[in-house]
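The values are calculated or read from the model by the stated rules, or taken from the named source; none is laboratory data. This one's a predicted model, so the numbers in the text were calculated from it and none came from an experiment. Neighbour counts run over all protein chains shown; Cβ positions are idealised from the backbone, glycine included.
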Amino acid sequence: MGRGAIRRGVTPSRLATAAAALAAGGLVVAWLAWRLLSSFGDEAVLAILRESGARVEHRGDSGRLEVLLEGPDADDTALPAIAKLQRLESLALRGDGVTDASLEMLAPLAASRGLHSLTLQSTRVTAAGLRHLAALGIRALVLVQNDGLDPEEIPRISNLRRLDRLTLYDRRVTDADLARLARELAPCQVARRD
């Protein structure tokens, strides 16, 4: 952690408190952790995310970030920290702890307009939850075997007008679903992979 983060009021005890709050779970605890994190810089938030098991990568010289959160730690408790990252470019959320509420917690990222790519794999996200993504300006969305996403509801994601690329890894999606999405999201490239 850099000296600038220390000057902004980040102390080891505040970092430990935030990490403990994120690990404890629960919506109220997540909100309190977000309030605590609101004064932290990106480096402090990244330290907390790494501590919780997230993989964080810097992309090139621009300092843009890619975060992968998966497994038992992929749930709503880490989302307030992730939503704080202004340089976040790519986010992958994997695991059944990721829900519609998780996507709603990403709303603060709309201000940065930096999040370009989102992958959701094996989550409990539904089509209703995907509506929260419209404000984020995501350019690429990859949906991989999300059991909560009913194939009949997939056409509802046509409100994601800024998408350049939508990739669906789901055998339940029909050719008719793909054709409808391609029409409604044009000129977005829509593809299904097995």
- [ ] Restricting attention to the stretch 125-162, report how many residues are within 20 Å of Ser112 (Cα to Cα), at pLDDT 85 or above and in contact with a strand residue (DSSP E or B) (Cβ under 9 Å, 6 or more places away or on another chain).
- [x] 7
Open item on the list: surrounded by fewer than 20 Cβ atoms within 10 Å (Cβ to Cβ) and either over 16 Å from the mean Cα position of the chain (by Cα) or modelled with pLDDT of 80 or more (or both): is that true of Gly26 in this structure?
Closed with: yes
Task: Selection within the stretch 45-88 - modelled with pLDDT of 70 or more, under 19 Å from Val144 (Cβ atoms) and in contact with a Gly (Cβ under 7 Å, 6 or more places away or on another chain) - done: Glu70
Open item on the list: As an exercise: evaluate Val67 against (1) part of a loop (DSSP other than H, G, I, E, B); (2) farther than 24 Å from Asp177 by Cα and give the number of the one condition it does not meet.
Closed with: (1)
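Just to be sure before I move on: is Asp150 farther than 16 Å from Val190 by Cα, of a type outside the set (A, V, I, L, M) and surrounded by fewer than 16 Cβ atoms within 10 Å (Cβ to Cβ) in the structure I sent?
Yes.
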TODO: Only one of these is polar (S, T, N, Q), within 25 Å of Glu43 (Cα to Cα) and buried (at least 18 other Cβ atoms within 10 Å of the Cβ): Ser112, Ser117, Ser90. Name it.
DONE: Ser90
Task: Matching residues, the stretch 96-131, being within 19 Å of Tyr169 (Cβ to Cβ), among the aliphatic types (A, V, I, L, M) and either touching a residue at least 60 places away in the same chain (Cβ under 8 Å) or in a helix (DSSP H, G or I) (or both) - done: Leu103, Ala127, Leu130
Task: Filter result (polar (S, T, N, Q) and under 21 Å from Gly97 (Cα atoms)) within the stretch 133-171 - done: Gln145, Asn146
